[in-house]
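Notes to accompany the following structure.
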Number of protein chains: 2
Amino acid sequence: MELIRIYQCFCDRTRLRILNLLQHGPLCVCHLQRILGEPQVKISKHLAYLRGHQLVESERCANWMVYHLPEEPSELLKRNLACLQDSMREESVFQRDLDRLKEVLDELGADCPACVREHHQHQNSCRS
Amino acid sequence: MELIRIYQCFCDRTRLRILNLLQHGPLCVCHLQRILGEPQVKISKHLAYLRGHQLVESERCANWMVYHLPEEPSELLKRNLACLQDSMREESVFQRDLDRLKEVLDELGADCPACVREHHQHQNSCRS
DNA sequence: TTGCAACATTCCTCTTTCGGAATATACCGG
DNA sequence: CCGGTATATTCCGAAAGAGGAATGTTGCAA
């Protein structure tokens, strides 16, 4: 049942933090690692879990692996990701991660895949 | 984190079926047992799990234990139960359980707590 | 090539979850 | 108090989840 696959992904704190960040655009593992401040193996295994449950997709980009939410999510997934995003607003940890996202993007600068950089530059130019 | 407690409850098929039924009003264990067609110990343990995670509350009513969704759910829980209800519409198993709910209510008739009976009688009179 | 950086996977351990069989508990009617 | 009905708990084994240490893999750059 797809519903259960979705909720299985939602019941770990680290995975929720990852999904929160990916709602704002694609990221590579090194970004996630720095933003979350967790060991590489932990991030990598949770990403594998999410991929196995079809909650994220990934592409290799030169030296990096870029993870993002599914390009064509089902209605079910869309609805539940939207509800999740609302729900996450109430916990400060998720807001702190988003603040940290901006810092880390600046910090790493050009040292990440073009697709990631471009997405977030575009986001910034829209916002400012 | 309350969010995780909620999703932990959502990632088992039997628990989803129970929550689906309880969205329509309080029920006792014997109702759930007959509707779901699962052994008593299984129902009882999932109810204990849900209670431990504060997704349901229970009261003894003479010989029966009546379970229902929290009287004063948090905004978080309300939002997620609403999303769950939308999501469950797409799986036929949940609709079948609701059909079976009516059958079992008739079948058991007066052989259940007054509070359960009254709730569902009221529902019926409203519908018809 | 070689070396390095970014990730993934394997192995191990601890904990949680899930299901069933058996047993216990609570309440009712007589 | 007793028997019966409704429900809970305990004990067991199998499986999944989560984290870390160590090791493998992949791709680029010199």
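The values are calculated or read from the model by the stated rules, or taken from the named source; none is laboratory data. For clarity, every value in this text was computed on a predicted model and none was experimentally measured. Methodologically, a virtual Cβ is constructed for each residue, glycine included, from the backbone with ideal geometry; neighbour enumeration extends over all protein chains shown. Ligands, DNA and RNA are stripped out before the accessible areas are found, and what is left, the full protein with its side chains, is counted by its heavy atoms. Shrake-Rupley method; radii C 1.70, N 1.55, O 1.52, S 1.80 Å.
Could you check the range A:5-75 for helices (runs of 4 or more DSSP H) lying wholly inside it with 2 or more residues that are over 14 Å from the mean Cα position of the chain (by Cα), within 13 Å of DNA strand D (Cβ to nearest atom) and more than 23 Å from B:E91 (Cβ to Cβ)?
In the range A:5-75, the matching helices (runs of 4 or more DSSP H) lie at A:40-52.
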(message) Suppose the filter is among the acidic types (D, E) and within 14 Å of chain B (Cβ to nearest Cβ); does A:D86 pass it?
(response) yes
(request) Of the numbered conditions (1) within 15 Å of DNA strand C (Cβ to nearest atom); (2) more than 14 Å from chain B (Cβ to nearest Cβ); (3) aliphatic (A, V, I, L, M), A:L69 fails exactly one; give the number of that condition. (result) (1)
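From the list A:S44, A:S87, which one is among the small types (G, A, S) and away from DNA strand C (no atom under 12 Å from the Cβ)?
On the way: A:S44 fails: away from DNA strand C (no atom under 12 Å from the Cβ).
Going through A:S44, A:S87 in turn, the sole match is A:S87.
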(request) Give the number of residues within the range B:1-36 that are touching a Lys or Arg at 6+ places or on another chain (Cβ under 8 Å) and open to solvent by less than 40 Å² (accessible area, probe 1.4 Å). (result) 5
(message) Quick check on my filter: what residues within the range A:87-103 are touching a residue at least 12 places away in the same chain (Cβ under 8 Å) and buried (at least 19 other Cβ atoms within 10 Å of the Cβ)?
(response) A:M88, A:F94, A:D97, A:L101
